[in-house]
1. Can you work out which of the residues in the stretch 75-90 that are open to solvent by 10 Å² or more (accessible area, probe 1.4 Å) and not in a loop (DSSP other than H, G, I, E, B) is nearest to Arg228 (Cα to Cα)?
2. May I ask you to list pairs of residues, at least six apart or on different chains, whose Cβ atoms are under 8 Å apart, with the first in the stretch 31-58 being closer than 21 Å to Leu85 by Cα and more than 16 Å from the ligand (Cβ to nearest atom) and the second being in a loop (DSSP other than H, G, I, E, B) and of a type in the set (Ser, Thr, Tyr)?
3. So which strands (runs of 3 or more DSSP E) are wholly in the stretch 157-218 and hold at least 3 residues that are over 28 Å from Glu111 (Cα atoms)?
4. Taking the options Asn230, Asn195, Asn215, name whichever one is open to solvent by 70 Å² or more (accessible area, probe 1.4 Å), modelled with pLDDT of 95 or more and not basic (Lys, Arg).
5. Could you tell me whether Ile100 is farther than 20 Å from Val31 by Cβ, among the aliphatic types (A, V, I, L, M) and part of a helix (DSSP H, G or I)?
6. Pick out the one residue from Ser223, Ser244 that is small (Gly, Ala, Ser) and in contact (Cβ under 8 Å) with a residue 60 or more places away in the chain.
7. Within the stretch 59-74, can one find any residue that is in contact (Cβ under 8 Å) with a residue 60 or more places away in the chain and either in a loop (DSSP other than H, G, I, E, B) or among the acidic types (Asp, Glu) (or both)?
Amino acid sequence: MLILVTNDDGVRSPGLRSLASALGELGRVVVVAPDRNRSAVGHALTLEHPLRAEEIKPQVFAVDGTPTDCVNLGIHGLLSRRPDLVVSGINRGSNMGDDISYSGTVCAALEATLMGLPAFAVSLDADRFSSENLVQATSFAKKLAARIIDNGLPEETFLNVNIPAGPCSGVQLTRQGKRHYGDSVVTSQDPRGRNYYWLGGSEVGFEDIPGSDCNALQQGAISVTPLRTNMTNEKTYAEMERWSLDSLMGEF
Ligand code: MN
């Protein structure tokens with residue numbers, strides 16, 4: 001059993017260390033992770049410059065690239081063979097609802113899935129890691145990994161897992177929910193009198209959608225969401241067949 005572990009918080013993250021150590025009980029673990037925090041880089045792939053990978057410890061590679069770079073480089077370049085499973089995390093902070101498309105953690109799992117490998121992302125709903133809050137997340141991630149090793153996952157499908165920091169009321173199978181972010185941009189001036197802008201207003205809430213990832217976490221449950229790589233909206237496709245798109249050709 002060969003397991004590739006990555007994250008977006010960087011190779012030194014306690015969340016990654018805890019995950020890699022636990023998964024080591026299931027098989028051989030190779031860590032290929034960004035050399036620094038690359039949170040919220042989404043599915044970015046580095047094509048304009050070369051990548052460097054430094055083996056900072058045996059089987060632990062620090063890459064000066066994105067989480068997606070790490071999965072790609074790990075599978076095509078650093079690992080001796082294709083891994084049996086790819087796990088991304090444990091992320092510091094949850095990745096639910098709209099976070100999914102921003103999240104380097106989730107997109108690392110997406111990348112592995114696009115490469116035809118079973119994968120999941122795991123995030124802890126906490127601003128800080130502690131040995132206490134990591135225990136639950138790590139233990140669940142390990143059990144889920146064992147289950148996936150036994151059962152596999154359907155093609156083009158991966159799992160997004162979010163784990164509460166506090167006491168856990170159960171595990172819910174969920175759907176991607178909807179977050180609300182603050183809409184402000186922080187504007188200030190640098191010492192040379194030029195404006196700068198800081199994006200990323202904090203989360204101000206979420207839509208109350210029963211069965212969603214956000215609701216599960218609010219109820220103190222672990223959330224497991226099956227995601228797909230193919231984003232085609234079948235319902236809209238069926239409706240748009242009536243649009244006669246071909247007729248737009250005449251307007252050029
Ligand atoms: Mn992160």
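1. Among them, the one singled out is Ile75.
2. Correct list of pairs: Leu45/Thr66.
3. 186-189, 195-198
4. None of the others qualify; the one that does is Asn195.
5. Considered against the rule, which asks whether it is farther than 20 Å from Val31 by Cβ, among the aliphatic types (A, V, I, L, M) and part of a helix (DSSP H, G or I), Ile100 comes out as yes.
6. Testing whether each residue is small (Gly, Ala, Ser) and in contact (Cβ under 8 Å) with a residue 60 or more places away in the chain leaves just Ser223.
7. No, there is no match, as no residue in the stretch 59-74 is in contact (Cβ under 8 Å) with a residue 60 or more places away in the chain and either in a loop (DSSP other than H, G, I, E, B) or among the acidic types (Asp, Glu) (or both).
The values are calculated or read from the model by the stated rules, or taken from the named source; none is laboratory data. These numbers were taken from a predicted model, which means no experiment stands behind them. Please note: Cβ atoms are built from the backbone with ideal geometry, for glycine as well, and neighbour counts cover all protein chains shown. The protein model used for the area step is the full one, side chains on, heavy atoms only, and it has no ligands, DNA or RNA in it. Shrake-Rupley method; radii C 1.70, N 1.55, O 1.52, S 1.80 Å.
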